Each structure stands twice: as structure tokens, then as C-alpha cells.
Amino acid sequence: MGYITKLLASLNIGSLASADTFSSITKPEFLFSGILLVFLLLYGISLGRTRALMSLLGIYIAYVFNETFVYFNQLYSWIPVKNVHFVRIGLFILMYAIIYFILNRSVVKARLTIREASFVSVFLISVLQLGLLLAIIANLLGTEILASLPKFYLTYFGTKIALFYWSLAPLIALVFMKGRD
């Protein structure tokens, strides 16, 4: 029981009820973020389960590529950007798009295809995929940019612990999802 208490404390769930969270919710950035979130969730649902799974796989592969890419110093010298964190984010998004395109045209698509998928499972995959993307991008941003974000985003997306849980959650969800035959 003590382990669960420590886990909940590390997730900082109690901060949802704080005044700081309420003040960040009323800002225009939160409204814009909410509209963007709804748009991305609708887009994820419209993809369907097969493409959502390929997209999720593409996110994992692109993140591993981004973390193991050894030529960032050369890339920084070629691309004159003031904030080098945008180069890392740009490379991640570029690799994600390339990998998604490759997976969409490959044999993997046939393996991931499930004829019937419930709305709930597609929605869950979309939410977890969006959370993982936000956590990856938040962790690639520099500390000066992260400091300008609301505390709510920092707590649930901007830490290494949040990235770990967001990267683990889709895998756990996929274990418990079953396809209909």
C-alpha cells in the first residue's frame, strides 16, 4: 500500500486541485491547447485502429532514432537556428513522418490490421499516442521554453518521469486490448 501512495505522490495528482492549476486553466493558451487537443483526438479517431497503431509504432521508432542520432553537432552547424532544441524537434517530426510513410506502405500494415475495432479502443490509442507525442516534444524543448508553459503541462508532460509513464501506457493498453475475430 505504501508503494501506491509513493507512486501517486510522484505523479503529483493532488496538484490538480491547486489554485495554480485553476489560474492556468483560465488563460487563453489553455483554450487554444484544448481546441488543438480536440482536433488531434478527432484526427486520431478518424485514422482508425490500424493507422493509429502504425503511428504509435512510428513515434517509438522516431524517438529512439532521435535519442541515438550522433550527428546533432553537424546538424546544428548546417541549420542556423537560435534555439537548437527546435532542430531536435524538427528531426523527430521529420523522422516520424518518414517512418509512418514507410510503415503505411510496408508489410507491417497487414500485420497490424484488425477488421473490427471498438470506438473505445481507437479513442484510447489516440489519447495515449497524443500524450506520448506531447511528452516527447516537451522533453525535447529547452528549459527556458518549458519554464513559460503552465505548471500543469510541466507536471504531466514535461518531466522524464512523465515521459516514462506516457511511453509505458500505450504498451500496457495494447496488452489488454483484444481484437474481434
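Neighbour counts of other C-beta atoms within 10 Å: give me ARG88, ARG105 arranged from fewest to most. Walk me through the numbers on the way to the answer.
On the way: ARG88 21, ARG105 9.
Listing ARG88, ARG105 from fewest to most nearby Cβ atoms yields ARG105, ARG88.
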**Report entry** At R0 = 25 Å, FRET efficiency that the Cβ-Cβ distance of GLU67 and LEU154 yields, to 0.05
**Finding:** 0.75
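Expressed in nm to one decimal, what extension gain is obtained for the pair LEU171 and PHE123 from 0.36 nm per residue of sequence separation less their Cα-Cα distance? It would help to have the intermediate numbers written out before the result.
Working: separation 48, 0.36 × 48 = 17.28 nm, distance 1.49 nm.
Extra length available between LEU171 and PHE123 comes to 15.8 nm.
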Query raised in the report: Most exposed first by the Cβ proxy, i.e. fewest other Cβ within 10 Å, how do TRP78, TRP166 rank?
Result: TRP78, TRP166
Report task. Place a label point 7 angstrom from the Cα of TYR60 along the Cα-to-Cβ direction, then list the residues of segment 129-162 whose backbone nitrogen is under 18 Å away. Result -> 129-137
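Please order LEU146, LEU133, LEU36 by the number of other Cβ within 10 Å, starting at the fewest.
Details: LEU146 16, LEU133 21, LEU36 11.
The fewest-first ordering by Cβ neighbours comes to LEU36, LEU146, LEU133.
Bear in mind that the values in this text are calculations on the coordinates, not laboratory data. Predicted model, so just to flag it, every value in this text is computed and none were measured. All Cβ positions, glycine included, derive from the backbone under ideal geometry; neighbour counts span all protein chains shown.
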